[in-house]
Each structure stands twice: as structure tokens, then as C-alpha cells.
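Just below is one structure, and these are the notes that go with it.
The values are calculated or read from the model by the stated rules, or taken from the named source; none is laboratory data. All values reported here derive from a predicted model rather than from experimental measurement. Here the Cβ is made from the backbone with ideal geometry for all residues, glycine too, and neighbour counts use every protein chain on show. Ligands, DNA and RNA are stripped out before the accessible areas are found, and what is left, the full protein with its side chains, is counted by its heavy atoms. Shrake-Rupley method; radii C 1.70, N 1.55, O 1.52, S 1.80 Å.
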Amino acid sequence: MIMMDSLLITVLIATVSITTALDNGLALTPPMGWLSWERFRCNVDCVNDPDNCISEKLIKQMADLMISEGYKDAGYEYVCSDDCWQSMSRAANGSLVADPQRFPSGIKGLADYVHSKGLKLGIYEDFGHLTCEGYPGSEFYLQMDAQTFASWEVDLLKFDGCNSQLDDSDRGYPAMSFYLNQTGRPMVFTCEWPLYQTTQGIMPNYTGIRDACNYWRNWKDVQDSWDSIIEIIDHMGDDVGNFSSFAGPGGWNNPDQLIVGDFGLSQEQERVQFGMWAMMASPLMMSVDLRNIRPESKALLQNKNIIAINQDPRGIMGVRTQQMGLVEIWNRPLTPVGNMATAFINKDTGGKPSIVPVTGSDLGLVSGSLYTVYDAFTMSVVYNNASSNVNYKIIVNPTGITMFNIQLQK
Ligand code: GLA
């Protein structure tokens, strides 16, 4: 059966002429929104847990709160259901169906609601024969499913890779990208293609990935813990295959959802995640219960100074430039040329802030120029007339971040 699936998909793909460029004009800066997975998982028990199950009620509540609580004004635009929105089987004509109890208006009705609020709707499917949670996958239905999503007026598709043949990814994701383009409806296409390959020791073809996808998951699922955040940051910093160089307007590396406001991180650690996701030009997909969020987490998610770094129009992904014991330095070029963000993160759990002696060149400053160094979170001035050869002592809290927005003086 598996061999037959593989053969069929090869035949299917060989018979369509595939344009490799994802030419949908979307995601010119990293997409921002809300995604159900990390916080709400595959809770389909609306009988015992009606307020938290995956349902149109939940998605509509989040859409409402994105507006009334200022998230939309801060830039968050996509409200997305992850896995488990579907019925367990397709309709008689083969098309996908939303679970009728949990989504009584159907996905089209939900899209209408979300659009009436000025937001966009995201949905989830899987390139294999089943989703990760066992709902119908798109294998053999790529074209039909693309058309269904377009007819529902979906704006973003997260396309997972569970229950698929690893070998098929390099053709299957471009095929779905082709079919999405063919519908004529612009839909952000987000792929899990490199995740499944990297975790199996296969080097992903980032050129092909960027051609087909608007953003792509590089590494394992984020969990509600500091260890998970650090594991992801380490993977992104290792940058194996130089994937950072493939980020730019239209296509982004994706270290996974924001867990700011959930249960697992301290306030310092939440600042690390949010600051680092800005350094890495990552999509900012919150996965949090917006009905119950600590005020400081909400303020962080809406920090306009950090969001501006995330959304910098040049779209150059920051990279790790130095590791000094448990402290590491990251640098991201910003607009206009000469400006940058520099972040120090401290993995020490020992409790005492670290004092890191550096020179201006460690911050990324170029010799012969003068800079103003601002705290990236508050935009208050930290150093005036900074230059490459001056010594600085940077204080970084344990499991914390010190992040600068550095501007070239004219
Ligand atoms: C995979 C993905 C997650 C989420 C779940 C849903 O684990 O990586 O982001 O979509 O599937 O089942």
C-alpha cells in the first residue's frame, strides 16, 4: 500500500507541469497571528470542555479578542485553526468537511465571520494520508483540497507532513503550492517540509522549499517549557545548511509558535522568546488563551519596538555570531543599511546575572562609525556615540535577554 501511494504520487506529480516559484505576493514580512495548536491541542471534547475544544466558537472568540484587546492594531492578522477541525471522513464526493457539531457554520461561515472583522483565516491540512491526529489527509486529493480551501475563502494553509513518505516531500509540497496558485486565491502556504527531513538526518533543499512555501518549520514542535525554547534557539543558531540565508520577503524560517502567556515560561524567558523570534525574522503566531492572559505577557506580545524589528522590511534573518560559555550573541541587520539589532541571551539557570565584557565590534559595530544604542524593548538610550573599539559590560539576567536596537549616526 505504501509503495502504491508513493508510485501514485510520483505519477500524479509527473503529469502536472509544476512552476516552482511561489508567486503569491504574500508574507513580505513575517506573518503574524494566532494558532490553536500549542495551547489547545486536539481537544475535541466539547461536551466536557465546551470553552476550550477546537470549534468555531473558540476561533471566533480569539478573533474578537484580537480586535478588542489591541492585537490586530499591533499587527496580528491571521487567526488559524490547527489540526482537528475536520470530520473523520470526507464527503461522498471526496471533499473535506468540517466537524458539523464543532463547526456548525462550516469553514466558509467561519471565514466570513473572520473577514467581517478585518482578519484572515488559516486552516491546517497534511500532505500524508492522515493528519498527525488521524483526520483525513490530502494525499491523492491535493488539487481538490486546494480548490476547497479557495472556495471557503481561506487565507493561509499550514501543511503538515505526518503519515507521508519522506521521499515524497520534495515533490508533494511543490505540487500543493502549484495547486494553491492555480486556484487564483492568494493563500499563505506554510510547510513542515524541512522539519521531517532534518529530524531524520536528511539535508533539506532550502532552495526548493523557499520556491514553494511562504514559511517553513525548521525543527521540532515547541512545548510549554524553557528547555523547548532553548533547544529551538540552538537549532536555529546552528543554522546547518545555512538556512538563515534563505529567509527574506516572501519566505521565512519558522521556529514554531509563541508560547508567551502560557504556563511554562517566566517573564524573563518570555522576553527571550519574543525577542529572539524578532531576531530570527520568524512568523509571530501566538498560541495562548487570549481570554486569560497576564497583562505583562499581553504587553510583551504587543511591544511595538520588538514587532518593528521582527517586521523589518529588509527581512534579513539574524544569526548567532558568538558563543561565550552560556551567553550567546545574535545580530540582525535592519533598515536602513547600517542599523542592526543585537541580542545577548544567557542560558545560565544559576540565578546571578552575568556581566559580559565586550567591545563595540562584538555588538556588530563597524569601525569608523558612531552609533546610538537603544534598549530594544523600551527604545531608551543605553549608549551614546558607541563605537567598535570601546569596551562595554553587558548585563544579562539568567535565562534572560539583553537586546539592543543599534542605529548608525548620520
Ligand atoms: C505536528 C505539527 C504541529 C501540529 C500537530 C497537529 O506535530 O508539527 O505543529 O500541527 O502536528 O497534529
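A few comments on the model shown:
- When His115, His129, His235 are compared by accessible area of protein heavy atoms, the largest-first order is His129, His115, His235, using a 1.4 Å probe.
- The chain - Cys residues lacking any other Cys C-beta under 4.7 Å: Cys80
- The accessible surface of segment 88-189, taken with every protein chain in place and a 1.4 Å probe, is 49 percent carbon and sulfur.
- Net charge dipole size for the chain [Lys, Arg +1 and Asp, Glu -1 on Cβ; Debye, nearest 20]: 1200
- P(r) tail for the chain: Cα pairs beyond 29 Å make up 44% of the total.
- Stokes-Einstein diffusion coefficient of segment 155-205, Kirkwood radius over Cα pairs, 37 °C, 0.692 mPa s, in µm²/s: 284
- Restricting segment 247-301 to chymotrypsin sites (Phe, Trp or Tyr not before Pro) that sit in a DSSP loop and have at most 11 other Cβ atoms within 10 Å of their own Cβ leaves Phe263.
- Partners of Lys60 within straight-line reach, counting lysines whose Cα lies under 21 Å from its Cα and excluding those fewer than 8 residues away in the same chain: Lys72, Lys108, Lys117, Lys120, Lys158, Lys298.
- Segment 345-394 and segment 222-292: distance between their alpha carbon centers, rounded to Å: 22
- Surface analysis of the chain yields an accessible area of 38 Å² per residue, using protein heavy atoms and a 1.4 Å probe.
- Each principal axis of the Cα atoms in segment 139-249 has its own extent, and those three values, largest first, are 41, 30, 28 angstrom.
- Calculated FRET efficiency for the pair Ala92/His235, C-beta based, R₀ 56 Å, to 0.05: 0.80
- Counting only residues at least eight positions apart within a chain, or on another chain, the lysines with an alpha carbon under 24 Å from that of Lys352 are Lys393.
- Global form of segment 266-410, assessed from the alpha-carbon gyration tensor, a/c cut-off 1.5: oblate
- Only helices enter this figure: runs of n ≥ 4 DSSP H residues, each worth -39500 (n - 2.57), summed and divided by the residues of the chain, yield -9000 deg cm²/dmol at 222 nm to the nearest 500.
- Note, ³J(HN,Hα) from phi for segment 91-102, Karplus 6.51, -1.76, 1.60, rounded to Hz, x at Gly and Pro: 6, 4, 7, x, 7, 5, 9, 6, 4, x, 6, 8
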